[in-house]
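The values are calculated or read from the model by the stated rules, or taken from the named source; none is laboratory data. Nothing here was measured: the structure is a model prediction, and the numbers come from that model. Here the Cβ is made from the backbone with ideal geometry for all residues, glycine too, and neighbour counts use every protein chain on show.
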């Protein structure tokens, strides 16, 4: 094991030194660390409980009748705390003690203390009335915490539950890597199948497999406990049997080179494409609607990915291009548009959309492109807001309808063959899919072009890129324009799909959500961005669009915010990172690894890596 | 032409340069034509030039004009107080703490909760000044804690990473705090209790509401205290040293971490104070309260020259006055209708204009060399 330090743990390590003992008795723990972990866990528990998440999500059953999503949100914290408290930072020079019974004991203690937050909350709920500022300070919460029993029951039961869950979190450290992986696979499979219930039911109906879903799911949502057990068993067996092979196959593809690699990639893309074309035929309205929403965000995210991921320009006003695209398409196609209403066919309007958004991109881009990165972020945010305010204002309401927006936008007609409108999500999805294919192809080709390399050079070091003869201003401006045009496609489809545009669909938070999608998926990685929008938009939902977990709609923005912080702290390269980007982010660690292996003789490598903050 | 404050790197001018020059000229022309039209319109409403620019121009009366200026100054003082936090953090760490506006919102919310509790107990009416001091203290403590926890959790682990990363994190923090406020306190706007008449009513002195006088006085006093803290105490000296060069400061025996925490604490306290002033002035607070004032305060910090304490305050007042007067002074005479809706757009336009015309702000920046790229 080499000395890889996950980013962000460096200072935590400095603050909490790992005890040196290689083997330890059960009760010899780093008590300060445990207390801190438990305190953080308790605060998190109280916050989650007071945010109304458990009460609201209690309606959504994961496994009937034992577990609802509401209780799941409460159980995750002691589990994580119990697991995390045994975390050791593996660094050269610090001894690593073996996992043992103390992991379980520590996990149990930490979990119990973390869940103790809920016990405390139960007592407070019974004795004080703080409903004035805290809207969720309700008897319902008290009842949920006490499982319908008395307060003292709640106090005891949560300590016990916390201890048990925390201990199981600690137990995870004792498992070997294969068993742990199997356990994770089982958990993800069961949770995933439960979460995807509407999707699975919808698809099964399309394929005539109602019998299966009737057996799998209880009537009022959630998995039957029997089917949950069966699923867990199947997933476990599959994990034990197949896990190694999947990884092997992936490695085999990863080491392929040149034409062979291209062929494999081509095959994979063809397979995915075919699946995406065939799948909607069997799916009902719900699935197609969901897929169409995901597709719209894939388009937006791919556009932002070029700006943020490739060129490294943090554009917080990206929603402006989405808005301009939508409004241009709406004005040009709708008969109800107040001033100008040429009623063009959608495809003709699309040409104007591209031209106009490109010009707007140039107009916004040119003044900001010379600014330093953080000023640029704020100024683009300002532009995004200005554009929305202009669409909203009375001044331009003669053209854009002000707060009334433009309604009754006709669907998108394609060569007179077919018309795509929101009433038929399947056609919308195919339209989105076609544009996604274009966007993916464009992104993929651009990434490997001279321009793409120039973007990445600018991202990594602008001064050096300029010295290498890259015209940084023009290159960055081009990134802005290309990103704008990809975003405008999404806007044009959006207006045809929804049938109306309002200024309130283009709030700044849309930009932020797209940014979260790009960062979660992996900046600069096309696959990552697609996966990011599928997971986030598909499961949690977009700013206004519901996802699979419709119950989460109140909390999704909160989760997006937390996710953004967590990703930046723990995994800034994203879910599926682009190789180059993650190398860039972990430069120092790699240099350190190389130095430790003795590959770098020069002492300066050490000097560079020793720039950890002074404590 | 105004100097851009940055040495020219190229001798040949590219298309972008021409475009920027065009934008600068267009912006100045817009402002000048608007102002001229306004002046004409003030002299004589039936003046043909004013008629041509805006057929139904009415002009402003002296009282209206004074009212706009006063409300702009009061609002600007609040922006200035928030801007201090942005400016100080930028000076020390070199990144925009995007979530600072939310600290301000937390302050306003804390004030709302505390003052309503006090009003329930009857203390708010009977002893207004005392309760006001109390809610200010509570709100400053809560905001200081928020800012310090924020620094510890989200920013300290990221010190030394590429500069966009803490910025993105701070966007996440901002988003999180805003939505945490929604889920904990509910999405509806919440009201402050009623304030005494002397705060609400206009005084004989220049017809200004008491609340606005209060805001300006409190801002001036806290500015003076802060100036003393930064310029004349040992801790302030440490802050300036860290802002100049953190590594050298550490070598000189300054505890850099503690100093940074202190900077966040001071910024948070100022934001908390601004939050209370906001509450007294507008008597309503909602989870988005922090967003626009935050952005405008950042604009104020940039306009005044980032890293400059006095600059932040001056920038705040500039932005406040510009957004309250600008729409009526420049846009209305040009025939733009419904100008009051555009005040936020004007505030952003001021930021963009300043960055186009003079990126270093009015008083110039005080940043370490490596951040001035």
Revision key, fill the gap. Scanning region B:342-373 residue by residue, the ones that are modelled with pLDDT of 75 or more, within 9 Å of chain A (Cβ to nearest Cβ) and part of a loop (DSSP other than H, G, I, E, B) total 0
**Study point:** Flag for residue A:164 being part of a helix (DSSP H, G or I), modelled with pLDDT of 85 or more and surrounded by fewer than 20 Cβ atoms within 10 Å (Cβ to Cβ)
**Key:** yes
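Would region B:322-341 turn up any residue that is closer than 24 Å to residue B:99 by Cβ, within 14 Å of another protein chain (Cβ to nearest Cβ) and at pLDDT 85 or above?
To start, the set of residues in region B:322-341 that are closer than 24 Å to residue B:99 by Cβ comprises B:323.
Next cut, within 14 Å of another protein chain (Cβ to nearest Cβ) only: B:323.
If we keep only those that are at pLDDT 85 or above too, we end up with B:323.
Yes, there is a match, as at least one residue in region B:322-341 is closer than 24 Å to residue B:99 by Cβ, within 14 Å of another protein chain (Cβ to nearest Cβ) and at pLDDT 85 or above.
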Review point. Is it the case that some residue within region A:392-399 is more than 8 Å from chain B (Cβ to nearest Cβ) and either on the phi > 0 side of the Ramachandran plot or modelled with pLDDT of 85 or more (or both)?
Key: no
Practice item. Identify all residues within region A:367-377 that are at pLDDT 85 or above and facing another protein chain (nearest Cβ under 7 Å); write none if there are none. Key: A:377
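Which one is nearest to the other protein chains (Cβ to nearest Cβ), of the residues in region A:555-580 that are in a helix (DSSP H, G or I) and at pLDDT below 80?
Restricting attention to region A:555-580, the residues satisfying the condition of being in a helix (DSSP H, G or I) are A:556-570, A:579-580.
Filter again for at pLDDT below 80, leaving A:579-580.
On the way: A:579: 17, A:580: 14 Å.
That would be A:580.
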Review point. Within region B:88-110, can one find any residue that is at pLDDT 80 or above, more than 23 Å from residue B:360 (Cα to Cα) and in contact with a strand residue (DSSP E or B) (Cβ under 7 Å, 6 or more places away or on another chain)?
Key: yes
Review point. Hey, among A:11, A:2, which residue is at pLDDT below 50 and part of a helix (DSSP H, G or I)?
Key: A:11
Exercise for review: Spot the failing condition for residue A:501; the list is (1) closer than 18 Å to residue A:195 by Cβ; (2) touching a residue at least 60 places away in the same chain (Cβ under 8 Å), and only one is missed.
Suggested key: (1)
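Which residues, taken from region B:225-234, are under 17 Å from residue B:85 (Cβ atoms) and surrounded by fewer than 14 Cβ atoms within 10 Å (Cβ to Cβ)? Can you show your working first?
Quick first cut of region B:225-234, residues under 17 Å from residue B:85 (Cβ atoms) only: B:225-227, B:229-230.
Passing the criteria: only B:225.
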Check your understanding: Given the structure, is residue A:498 out of contact with any strand residue (DSSP E or B) (no Cβ under 8 Å at 6 or more places or on another chain) and modelled with pLDDT of 90 or more?
Key -> no
Review point. Just a yes or no: is a residue in region B:279-300 within 12 Å of chain A (Cβ to nearest Cβ), assigned to a helix (DSSP H, G or I), over 14 Å from the mean Cα position of the chain (by Cα) and free of Cβ contacts under 8 Å to residues at least 24 places away in the same chain?
Key: no
Review point. Residue A:146 fails exactly one of the following numbered conditions: (1) more than 30 Å from residue A:237 (Cβ to Cβ); (2) free of Cβ contacts under 8 Å to residues at least 24 places away in the same chain; (3) away from every other protein chain (no Cβ under 14 Å). What is the number of that condition?
Key: (2)
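Being within 30 Å of residue A:313 (Cβ to Cβ), touching a residue at least 60 places away in the same chain (Cβ under 8 Å) and crowded, with 22+ Cβ neighbours inside 10 Å narrows it down to one of B:139, B:181, B:170, so name that one.
That would be B:170, the only listed residue that is within 30 Å of residue A:313 (Cβ to Cβ), touching a residue at least 60 places away in the same chain (Cβ under 8 Å) and crowded, with 22+ Cβ neighbours inside 10 Å.
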Review point. For region A:536-552, does any single residue satisfy the condition of being modelled with pLDDT of 85 or more and assigned to a helix (DSSP H, G or I)?
Key: yes
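When the residues of region A:48-78 are narrowed to those that are touching a strand residue (DSSP E or B) at 6+ places or on another chain (Cβ under 9 Å) and within 14 Å of chain B (Cβ to nearest Cβ), which ends up surrounded by the most Cβ atoms within 10 Å (Cβ to Cβ)?
Ranking the candidates gives A:54 first.
Looking only at region A:130-141, count every residue that is assigned to a helix (DSSP H, G or I) and either facing another protein chain (nearest Cβ under 10 Å) or buried (at least 17 other Cβ atoms within 10 Å of the Cβ) (or both) and tell me the total. Explain how you work it out, then say what you get.
Residues of region A:130-141 that are assigned to a helix (DSSP H, G or I), as a first pass: A:139-141.
Subset that is either facing another protein chain (nearest Cβ under 10 Å) or buried (at least 17 other Cβ atoms within 10 Å of the Cβ) (or both): A:141.
So the answer is 1.
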Check your understanding: Taking region A:113-129 as the region of interest, how many residues are buried (at least 20 other Cβ atoms within 10 Å of the Cβ) and free of Cβ contacts under 8 Å to residues at least 60 places away in the same chain?
Key -> 3
